[in-house]
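Single-structure report; data block below.
Here, each number is a calculation from the coordinates, and none is a lab measurement. These figures come from a predicted structure and were not determined experimentally. A quick note on method: Cβ atoms are made from the backbone with ideal geometry, for glycine too, and the neighbour counts reach across all protein chains shown.
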Amino acid sequence: SPADCVSEVLRSVVEKAAVGVNLLDLEKRAETTMQLLGAVSADKGYKPEWAPVPFPSSLCLGVNDVISHPIPTDYQLRDGDLLHIDCGVVVDGWYGDAGLTIPIGTVSNQDERLLRYAKRALYEGIRQVKPGIKVTEIGRAIERYAGRMGYVVNKVFHGHGIGKTMHEGLQIPHFDVPPQEKKIEVKPGKYRYEYHEPENIPTLVEGDVICIEPMLTYKDPIGMRDNDGWTVRTRDGKKSAFFEHMVRVTNLGHEVLTTHIKEVI
């Protein structure tokens, strides 16, 4: 399945990632694993409307202050780096998408803590998944948990539905969507304000497959884009971490389809 395939590719990259290894070598490792599994990269050549050029690589790889979509370079991994790995595959016309952040060598206690709570934030969101819930309940749980632990969640990039295309149907915010203000005229010149949940928020139904991928950092919920048109980093240079699973909505709740990371108790 696409979920098994993307998990296997991620495991092959994690296995090889170490101090002194070049990011381009990790990309080659991923490409080899995809070929062995009969898959192709969903990332290479992908061009959404906002992108100035198609994505040039088979894998998203970057370090430390990277939030999203890093294009791998010939950077050699150093002791203490946090490595961002995001992978998309196509298997028999079906898409798989998942990722994680891993420590390279010995990382600081602060970085270990960021990784631990970024992973837990993902599972806080996953635990909300069941038929009938609004997608905003996922983001509310993630953001509240992250905030309690002292982090902010990126508000630019969302989770998404996935299937015969990479981004299918649903958009999953990783943050609490604020209520909308409605101005009501009580009498001429006098108004009162009501606050309502935004309209038309999608509801999960049995059979939906979604990707949840919260990106946590310390203060910057937006980030900035590099000149390559793709790589997004924190504006303050602080480190960021993300974890992503594919999740299916079942009649009883949910099933985590990808197997490359396990929940931290």
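Along the range 164-172 the Karplus relation, 6.51 cos²θ - 1.76 cosθ + 1.60 evaluated at θ = phi - 60°, assigns HN-Hα couplings of 7, 9, 5, 10, 10, x, 5, 10, 10 Hz to successive residues, with x for each Gly and Pro.
Got a sec? Charge dipole of the chain, +1 on Cβ for Lys and Arg, -1 for Asp and Glu; which of PRO103, VAL19, TYR145 is way out at the positive end? About the Cα centre, the residue reaching furthest to the positive side is TYR145.
Computed from Cα positions, the angle between helix 109-126 and the longest principal axis of the chain comes to roughly 60 degrees.
The reciprocal of the average 1/r between distinct C-alpha atoms defines the Kirkwood hydrodynamic radius, which for the range 1-95 equals 13.6 Å.
Amide H to amide H distances under 5 Å link HIS174 with GLY159, where only residues 5 or more positions off or on other chains count and H is placed in the peptide plane. Of the peptides 229-242, 211-224, the order by per-residue mean of other Cβ atoms within 10 Å, starting with the highest, comes out as 211-224, 229-242.
A Cβ-based charge dipole, computed about the Cα centre of the range 108-265 with Lys and Arg at +1 and Asp and Glu at -1, lands at about 500 debye.
Any idea what diffusion coefficient the range 127-211 gets from Stokes-Einstein, in µm²/s, Kirkwood Rh on alpha carbon pairs, 25 °C, 0.890 mPa s? Rounded, D is 166 µm²/s. Rounded to the nearest 20 debye, the dipole magnitude of the range 1-154 is 640 debye, with +1 charges on Lys and Arg beta carbons, -1 on Asp and Glu beta carbons, and the Cα centre as origin. Between VAL232, LEU257, MET246, the Cα set farthest toward the positive side of the dipole of the range 170-265 (charges on each charged residue's Cβ, about the Cα centre) is that of VAL232. Could you work out the Kirkwood radius for the range 105-155, taking every pair of different alpha carbons, averaging 1/r and inverting it, reported in Å? Averaging 1/r across every pair of different Cα atoms and inverting gives 11.7 Å. Rounded to the nearest 10 degrees, the angle from helix 23-36 to the longest Cα principal axis of the chain is 90 degrees. Normalised by the residues of the range 147-186, what does the relative contact order come to in percent, with Cα pairs under 8 Å and at least six apart? Reported as a whole number, the value is 32 percent.
Based on DSSP H segments of at least four residues, each scored -39500 (n - 2.57), the chain has a per-residue ellipticity at 222 nm of -7500 deg cm²/dmol. Which of the three applies to the range 1-160, rounded, prolate or oblate, going by the alpha-carbon gyration tensor with a ≥ b ≥ c and a/c under 1.5 meaning rounded? It is oblate, given that a/c is not under 1.5 and a/b is not larger than b/c. Taking 0.36 nm per residue of sequence separation and removing the Cα-Cα distance, the ARG116/LEU36 pair yields an extension gain of 25.6 nm. From the Cα gyration tensor of the range 106-265, with a ≥ b ≥ c the square roots of its eigenvalues, which class applies: rounded if a/c is under 1.5, or else prolate if a/b is larger than b/c, or else oblate? Because a/c hits 1.5 or more and a/b fails to exceed b/c, the range 106-265 counts as oblate.
For the range 1-118, the relative contact order comes to 29 percent (Cα pairs under 8 Å, sequence separation of at least 6). For VAL91, the amide hydrogen comes within under 5 Å of the amide hydrogens of GLY96, counting only partners 5 or more places away or on other chains and with H modelled in the peptide plane. A DSSP coil position with no more than 10 other Cβ atoms inside 10 Å describes the following GluC sites (Glu not before Pro) in the range 7-96: GLU49. Across the range 111-265, C-alpha contacts under 8 Å between residues 6 or more apart give a mean separation that, scaled by the residue count, equals a relative contact order of 29 percent.
Close amide H pairs (under 5 Å, H built 1.01 Å from N) link MET215 with ASN154, residues at least 5 positions away or on another chain. Straightening the chain between ILE184 and ALA51 buys 43.8 nm, computed as 0.36 nm per residue apart minus the Cα-Cα spacing. Per-residue extension of 0.36 nm, minus the Cα-Cα distance of LEU24 and ASP79, leaves a gain of 18.0 nm for this segment. Computed on the Cα atoms alone, the convex hull of the range 53-125 gives a volume of 120 cubic angstrom per residue.
Please report the net charge: other residues with Cβ closer than 9 Å to the Cβ of MET166, K and R +1, D and E -1. Charge balance in the 9 Å sphere: -3.
Could you tell me whether the range 178-248 comes out rounded, prolate or oblate from its Cα gyration tensor? Rule is a ≥ b ≥ c as square roots of the eigenvalues, rounded for a/c under 1.5, then prolate if a/b exceeds b/c, otherwise oblate. Since a/c reaches 1.5 but b/c is at least a/b, the shape of the range 178-248 is classed as oblate. Remark: the range 98-107, residue by residue, has Karplus-estimated 3J(HN,Hα) of 6, x, 6, 10, 10, x, 10, x, 9, 9 Hz, where x stands for each Gly or Pro and the curve is 6.51 cos²θ - 1.76 cosθ + 1.60 at θ = phi - 60°.
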